[in-house]
Each structure stands twice: as structure tokens, then as C-alpha cells.
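Structure, as C-alpha cells:
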Amino acid sequence: MLLERDAELDELRAVIGATARAQGRLVVVEGPAGAGKSALLEAAAELAQNAGVRTLRARTRAAQGATGSATPPAAPA
Ligand SMILES: Nc1ncnc2c1ncn2[C@@H]1O[C@H](COP(=O)(O)OP(=O)(O)O)[C@@H](O)[C@H]1O
Ligand SMILES: [Mg+2]
């Protein structure tokens, strides 16, 4: 259960609605580690799936020079 993300989820719901009407959008979610980016996007993916919008997931290798722990490459799910 996400706390205090109503505004963000409303915005993402609108983006999902636009996507369902073939009006694509690019959304960048940024914030420090632990801010809740992944949790927010999990919730958005669930909203999208419930709206019948196909979701794809991918993950990057950590960029050279990036701080933080390296993320192992993973196949898109
Ligand atoms: N809005 C929220 N309400 C409750 N718990 C949250 C919320 N956002 C994140 N969390 C929890 O905080 C932790 C860090 O969130 P996470 O999404 O992994 O952060 P990030 O991807 O930005 O590093 C996780 O345990 C997650 O479940
Ligand atoms: Mg994350």
C-alpha cells in the first residue's frame, strides 16, 4: 500500500489513459535511492495492466561512473 502518492498516481493514471488512446507519453521518475521510485512504478504498472495497457519492464546496467551499487543486467520481464 503506497502512502501519500495520490497526486503522483493521478498523474500516472492520466498518462495511462492517454497511452490507451495511443497518445504516448514519456515520464521520468527521479529521486534519491529509497525515495519510492520502484514502488510508485510498480503501482503504475498495476494500474496500466488493469486498464488493459501492456507493460514492459527493462533495467539498465549501472552507467560507468554512476554511484551506488551496480545493477546486474536482467532480461526484460
Ligand atoms: N509511498 C510509499 N508508501 C509506503 N512505502 C513506500 C512508499 N514508497 C516506497 N515505499 C517503501 O520504501 C522502500 C524504498 O522504496 P523503493 O521504491 O524501493 O525506492 P527507490 O526505487 O526510489 O529506491 C520500499 O520498501 C518501499 O516498499
Ligand atoms: Mg528502485
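The values are calculated or read from the model by the stated rules, or taken from the named source; none is laboratory data. Everything quoted here is computed from the prediction, not taken from an experiment. Cβ: placed from backbone, ideal geometry, glycine included. Neighbour counts: every protein chain shown.
A few notes on this one:
- Identity of the residue in the stretch 25-77, on the phi > 0 side of the Ramachandran plot and either acidic (Asp, Glu) or away from ligand 2 (no atom under 14 Å from the Cβ) (or both), that ends up modelled with the lowest pLDDT: 65
- Close pairs (7 angstrom Cβ cut-off, 6 or more residues apart or separate chains): free of Cβ contacts under 8 Å to residues at least 12 places away in the same chain in the stretch 15-35, surrounded by 10 or more Cβ atoms within 10 Å (Cβ to Cβ) and of a type in the set (S, T, N, Q) anywhere: 25/19
- Inside the stretch 1-38, residues that are within 16 Å of ligand 1 (Cβ to nearest atom) and of a type in the set (Lys, Arg) make up a count of 3.
- Residue that is farthest from ligand 1 (Cβ to nearest atom), among those in the stretch 39-62 that are surrounded by fewer than 11 Cβ atoms within 10 Å (Cβ to Cβ) and within 14 Å of the chain's Cα centre (by Cα): 54
- Every listed requirement among (1) at pLDDT below 95; (2) on the phi < 0 side of the Ramachandran plot is met by residue 22 save one, (2).
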